[in-house]
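Beneath this line is the structure, given in structure tokens, with notes to follow.
The values are calculated or read from the model by the stated rules, or taken from the named source; none is laboratory data. As the structure is a computational prediction, the values presented were derived from the model and not from experiment. Here Cβ is always computed from backbone atoms with ideal geometry, including for glycine, and neighbour counts include all displayed protein chains. Heads up: the accessible areas ignore ligands, DNA and RNA and are worked out on the full protein's heavy atoms, side chains in. Shrake-Rupley method; radii C 1.70, N 1.55, O 1.52, S 1.80 Å.
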Amino acid sequence: MAVPSDTIVALSTAPGRSAIGVVRVSGGDSLSLLGTLIGTQSYEPTPNVLSLKTLIDPNTAEALDEALVCFFKAPHSFTGEDVVEFHCHGSPVLLRTIVDLILNLGARLADPGEFSLRAVTNGRLRLTEAEAIRDVIDAQTDTALRQATRQLKGEISSRLRPAKEQLLDLIVQLESQIEFVEDDLPAPATQQIGESLEVLEKDLSRLRDTFASGRLLRDGIRVAFVGRPNVGKSSLFNALVGHSRAIVTSIAGTTRDTLTEEIGVEGVPVVLIDTAGIRSSNDEIESIGVQRARRAAADADLLIVVIDGSQSLHDDDRSVIDEVSNVPHIVALNKNDLPTFSTVEFDAADAVSSCSAVIPVSAKSEAGLETLRTAILSPFTEGDARSEGLLITNARHHDLLVQSVEAIGSSRRLLYERASEELILVGLHNALRYLGEINGETTTEEILGQIFATFCIGK
């Protein structure tokens, strides 16, 4: 890959007013730009040391700010190039002025993720580690953060290295057979190679299968409460959130619009959505709320159907159950703190074929809430999302592992079918290339561009 030579600049901290804002510059002109902005072109800073300097406007010689500046000399910097950081006061106007001055001095605005892309192309980071930076920034729970940090430390590369080395050994063995041996592989060699491929296939399959849990940590789950009015949807929503986010009254139809709040369940980010009670209504505003409730339900990964367990099943309850009969849902039988509460109508559970659980709860006493939290995750993972082991959280990594496993399996089958070594090698070379794409060793510029386009500008 061609390494860019121009100088780029971007704000590396979040937009908006803050105590500190960091402007980052990377490229061959970084040190010259620093000298211009402090009015001393002969400035020779000690690398990796913060220094307090007055930043000036080179056009007017007017002082702009007292800032900490730091110079990182290539190749010992984040990008592998000369890098300068300006740690300024976090005024949006000031930061914009400094970026504009640097642009006018010949730099260009960095593309999204371009600093990280340069780190990869200059060999300072593996692709998986650069992607982990994005995941650290986007982490929504402590568990997701721990997984992203593990990947940032290079655990994916370390985990894949033995598999790649074993593939290379098998490829060399088969290539040697083609070059130097005229006869077919002897039976013991065929058996040994086949067993090695089987072990390799199982090992990569185990890593691939962690994506079911890893995806939850990264993407989370959208869960919508649905049900007729006044069954306690908003109360349950508040109980799971931990504070009174939704208005709760004894008047049916209090909720007119959808409310969302994010919580963590066993380390998995879960977006809870409170919706208006579903029923026929002549009230125009309530009808709009019901329409929005149905749209929210359609977009959710899981529905919690709330039923008032202290009353007999209502026609509106049956209507809601019919509407969700073909989508994943949980039935929460609310108000189990009341003496009239009963689960009799749901004991058979034959009216809720796609229901994963029927759970007695009380929004008032919070009885059954832990069971409900556990039930939210159960349809999505067979494992433990809190696993301390390495999990695949990136869909790109998962897809490449899937292709690697399939390629190895194809070569193993061809081996036992006594196919030619050339055909067997095709799958092994493909598997090695797929594993290399995970780390960026064999990834094209086009794919890299697509990956880093999802990063923040300034990272």
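Accessible area per residue for segment 67-164, computed on protein heavy atoms with a 1.4 Å probe, is 40 Å². With a threshold of 28 Å on the Cα-Cα distance, the over-threshold entries among 53/459; 53/153; 73/164 are 53/153; 73/164.
Could you compute the FRET efficiency for residue 60 and residue 14, with r as their C-beta to C-beta distance and R0 at 30 Å, rounded to 0.05? E(calc), rounded to 0.05, equals 0.55. For residue 195 and residue 243, FRET efficiency with R0 = 45 Å and r from the beta-carbon atoms, rounded to 0.05? E between residue 243 and residue 195, to the nearest 0.05, is 0.20. Values of log10 I(q)/I(0) for the chain across q = 0.07, 0.11 Å⁻¹ run -0.57, -0.98, by the Debye formula with one identical scatterer at each alpha carbon and no solvent.
What is the sum of charges, Lys and Arg at +1 and Asp and Glu at -1, for the other residues whose Cβ falls under 14 Å from the Cβ of residue 35? Cβ neighbours under 14 Å give a net charge of -2. Using the average count of surrounding beta-carbon atoms within 10 Å as a protection proxy, the listed peptides 46-57, 160-171 rank, highest first, as 160-171, 46-57.
Entry note, the chain: the mean residue ellipticity at 222 nm calculated from DSSP H runs of n ≥ 4, each adding -39500 (n - 2.57), is -14000 deg cm²/dmol after division by the residues and rounding to the nearest 500.
Quantify, in whole percent, the carbon and sulfur part of the accessible surface of the chain (1.4 Å probe; protein heavy atoms only). Here carbon and sulfur together make up 50 percent of the probe-accessible area. Simple spin-label estimate for residue 416 and residue 104 gives 7.2 nm between the two label positions (7 Å along the Cα-to-Cβ direction from each Cα). Here segment 26-97 is treated as an ellipsoid with the same Cα gyration tensor; its semi-axes, largest first and in whole Å, are 21, 13, 11.
Packing, as the average of other Cβ atoms within 10 Å across residues, places the peptides 268-276, 359-367 in the order 268-276, 359-367, highest first. Using the Cβ-Cβ distance between residue 311 and residue 142 with R0 set to 45 Å, the FRET efficiency from 1/(1 + (r/R0)^6) comes to roughly 0.65.
In the chain, which helices (entire DSSP H runs) extend 24 Å or more along their own long axis, judged by Cα positions, while averaging at least -1.0 on the Kyte-Doolittle scale? Membrane-span-like by this rule: 155-180, 187-209, 395-416, 421-439.
Shown are 378, 91, 116, 310, whose ranking by accessible area with a 1.4 Å probe and every protein chain present, most to least, is 378, 91, 310, 116.
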